[in-house]
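Enquirer: Take a look at this one; I'll ask things after.
The values are calculated or read from the model by the stated rules, or taken from the named source; none is laboratory data. The structure displayed is predicted, hence computed values, not measured ones. Note that we place each Cβ from the backbone using ideal geometry, even for glycine, and neighbour counts take in every protein chain shown. Just so you know, the surface numbers come from the protein's heavy atoms only, side chains and all, with ligands and any DNA or RNA stripped out. Shrake-Rupley method; radii C 1.70, N 1.55, O 1.52, S 1.80 Å.
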Amino acid sequence: MPEMIALPATIEMEMKALVGDGHYANLNEAIKDAFRTLLNVRPELKTSAVIELYKEGEISIGKAAEMVGVSTIEFKDILVIRGIRREVGSRSKKELDEGVELINKLRK
């Protein structure tokens, strides 16, 4: 269930005024636009949010790199700079053997 947030009264009034003036369909759309704008103006916040999603296992490293707008290698460098260690899973012997078998079949 989404977490409810409370806006300061002045901000809520201003956002409702923008909805009333037709700039947004509803308050939710105004809030989403405000958040997107915040992340565009402060890209370090977007990077921090994406890193947290990656650390929590919510997104892959490829998706994280895409969201930040860098290559996977660059995103890995960002993790190193921030002192974040990546957990790299290994495949079982059976999976590796199956992969080798598939490669050998494709070479024929």
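Enquirer: Among 72, 47, which is the only one that is open to solvent by less than 60 Å² (accessible area, probe 1.4 Å) and in contact with a Gly (Cβ under 8 Å, 6 or more places away or on another chain)? Before you say what the answer is, go through the steps one by one.
Expert: Values: 47 fails: in contact with a Gly (Cβ under 8 Å, 6 or more places away or on another chain).
Answer to the selection: 72.
Enquirer: Give, as residue ranges, the helices (runs of 4 or more DSSP H) completely inside region 27-76 that count at least 2 residues that are over 14 Å from the mean Cα position of the chain (by Cα) and at pLDDT 95 or above. Break it down into steps so the answer makes sense when it comes.
Expert: Working: elements: 27-41, 43-55, 61-68.
Per the criteria, 27-41.
Enquirer: Give region 81-94 a look and list any residue that's surrounded by 10 or more Cβ atoms within 10 Å (Cβ to Cβ) and modelled with pLDDT under 85, or say none. Write out each step before concluding.
Expert: Applying the first criterion (surrounded by 10 or more Cβ atoms within 10 Å (Cβ to Cβ)) to region 81-94 yields 82, 84, 86, 91.
86, 91, listed by residue number.
Enquirer: Would you confirm, using the coordinates I've provided, whether residue 10 is open to solvent by less than 80 Å² (accessible area, probe 1.4 Å) and among the β-branched types (Val, Ile, Thr)?
Expert: Considered against the rule, which asks whether it is open to solvent by less than 80 Å² (accessible area, probe 1.4 Å) and among the β-branched types (Val, Ile, Thr), residue 10 comes out as no.
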